[in-house]
Amino acid sequence: MKKKTDEYYMEKVLALAEKGRKEVAPNPLVGCFIVKGNRIVGKGYHRFFGGAHAEIHALNNAREESKNATMYVNLEPCCHIGKTPACTDKIIKAGIKKVVIGMKDPNDFVDGKGIKKLETNGIKVKVGVLKKQTEELNKFYLKRVKTKKPFVILKTAESIDGKIATSQGESRWITREKSRRYVHRIRSWVDAVLVGINTIIKDNPSLTCRIKGKRKDRPVRIVLDSHLRISLKAKVLDNTVPTIIVTTKYADRKKIDLLKNKGIKVLIVKEREKKVDIKSLIKKLGALDIFSIMIEGGGEINAAALEAGIVDKVLFFLSPKIIGGKKSPTSVDGKGIDKLNEAISLKDIKIHKLDEDILIEGYI
């Protein structure tokens, strides 16, 4: 039998790690395979926040077959005691002879220390197999560790001429069902969805997720409401999942108290031109353990987020419709640019077809 490559096993590791997507945040997605004599003798993945790490599940699965075997894991094993014991100690004790790692863990508690401990104990270590793919898998985690700020996705659904509604404000539904299901899938991954008060007033959405198996407290609903115009009967105030209303010094104090009495968290942040300063807000959300956000607002919120430089990735769902009209709102409002060389450029672009719709995704 032909010996399988390290890349082959790492691809399987990444696919296995993905299974923890809805439950592990803010921890990283990690998968692990243990291979001996060209056979997979153990496997495991990090299943939920606070639970056993992938390496431990794999070692328990392999048992005595771990001795002199090779371990494949997409993230450097931890060497410190946190919510769970140090994985490096278990790997050493099990007799693993080689560990193949996708990428180092930039967390200050690890950051090469896990690799060093394995090598000090006579275990061969190879790092950087499918590094780009492993970084993509854990982009939320990497942003959190490096900046203590959330990874921000800007999502919009528009016609092919860039309109998100008609001149009369009708916007349901520009895209088709398959696109909407895809959005719910992403909602099940992120810590929070964010909209502006105009979206709440116009559409009164629930902003919940229809995907089963997600954490019951996610995604948190965040509403930017600079002057606290929200109706106390709005669907986002139903407490099915947590809601944060973000406002400014212009908010009515009595209404703040009414919202708090309903169990709603009210966050007062700095204002910029009498509106919520999004840049200031992002720092505060990181302090609240919200490390991934999908913005689902209108043109005004989208423009403010892009101008503030907080957006990491965009998802543009394009419907094969032409709406037209100078008064029909576009997906990005704001001041715009004067020269084309000032335009925001995307990289690592991917294009997907979702029935008749097209999804364009890319990084800022």
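The values are calculated or read from the model by the stated rules, or taken from the named source; none is laboratory data. Predicted model only: the values in this text are computed from it and were never measured. A quick note on method: Cβ atoms are made from the backbone with ideal geometry, for glycine too, and the neighbour counts reach across all protein chains shown. For accessibility, only protein heavy atoms count, side chains too; no ligands or nucleic acids. Shrake-Rupley method; radii C 1.70, N 1.55, O 1.52, S 1.80 Å.
Here are a few things to note about the model shown:
- Selection status of residue 48, under 30 Å from residue 185 (Cα atoms), open to solvent by 40 Å² or more (accessible area, probe 1.4 Å), among the hydrophobic types (A, V, I, L, M, F, W, C) and modelled with pLDDT under 95: yes
- Here residue 72 does not qualify as free of Cβ contacts under 8 Å to residues at least 12 places away in the same chain, more than 17 Å from residue 136 (Cβ to Cβ) and aromatic (Phe, Trp, Tyr).
- Of all residues making up the stretch 157-195, the number that are part of a loop (DSSP other than H, G, I, E, B), in contact with a Pro (Cβ under 8 Å, 6 or more places away or on another chain) and of a type in the set (A, V, I, L, M): 4
- When restricted to residues that are among the aliphatic types (A, V, I, L, M), assigned to a strand (DSSP E or B) and open to solvent by 60 Å² or more (accessible area, probe 1.4 Å), the stretch 317-364 contains 3.
- Of the criteria (1) on the phi > 0 side of the Ramachandran plot; (2) touching a Cys at 6+ places or on another chain (Cβ under 6 Å); (3) among the hydrophobic types (A, V, I, L, M, F, W, C), which one residue 130 fails: (2)
- Any hit, the stretch 123-131, residues being in a helix (DSSP H, G or I), modelled with pLDDT of 95 or more and either touching a Gly at 6+ places or on another chain (Cβ under 8 Å) or farther than 25 Å from residue 279 by Cβ (or both): yes
- Leading residue by the ranking (least open to solvent (accessible area, probe 1.4 Å)) among those in the stretch 132-177 that are free of Cβ contacts under 8 Å to residues at least 60 places away in the same chain, of a type in the set (D, E, K, R) and farther than 24 Å from residue 357 by Cβ: 135
- Filtering the stretch 221-263 to residues that are touching a helix residue (DSSP H, G or I) at 6+ places or on another chain (Cβ under 7 Å), open to solvent by less than 60 Å² (accessible area, probe 1.4 Å) and either under 21 Å from residue 277 (Cα atoms) or part of a loop (DSSP other than H, G, I, E, B) (or both) leaves 221, 223, 224, 225, 228, 230, 234, 243, 245, 246.
- Lone unmet requirement of (1) assigned to a loop (DSSP other than H, G, I, E, B); (2) at pLDDT 95 or above for residue 71: (1)
- Top-ranked residue of the stretch 112-122 - restricted to ones that are over 30 Å from the mean Cα position of the chain (by Cα) and assigned to a loop (DSSP other than H, G, I, E, B), ranked as surrounded by the most Cβ atoms within 10 Å (Cβ to Cβ): 121
- Check on residue 4, at pLDDT below 95, over 30 Å from residue 218 (Cβ atoms) and not in a strand (DSSP E or B): yes
- Across the stretch 287-299, the number of residues qualifying as closer than 15 Å to residue 309 by Cβ and either in contact with a His (Cβ under 8 Å, 6 or more places away or on another chain) or part of a helix (DSSP H, G or I) (or both) comes to 0.
- Taking the criterion of being open to solvent by less than 40 Å² (accessible area, probe 1.4 Å), within 20 Å of residue 103 (Cβ to Cβ) and not hydrophobic (A, V, I, L, M, F, W, C), the residues of the stretch 51-71 that qualify are 55, 70.
- Residues of the stretch 17-40 classified as surrounded by fewer than 23 Cβ atoms within 10 Å (Cβ to Cβ), closer than 20 Å to residue 132 by Cα and without any contact (Cβ under 8 Å) to a residue 60 or more places away in the chain, total: 2
- Leading residue by the ranking (modelled with the lowest pLDDT) among those in the stretch 132-156 that are assigned to a helix (DSSP H, G or I) and of a type in the set (S, T, N, Q): 147
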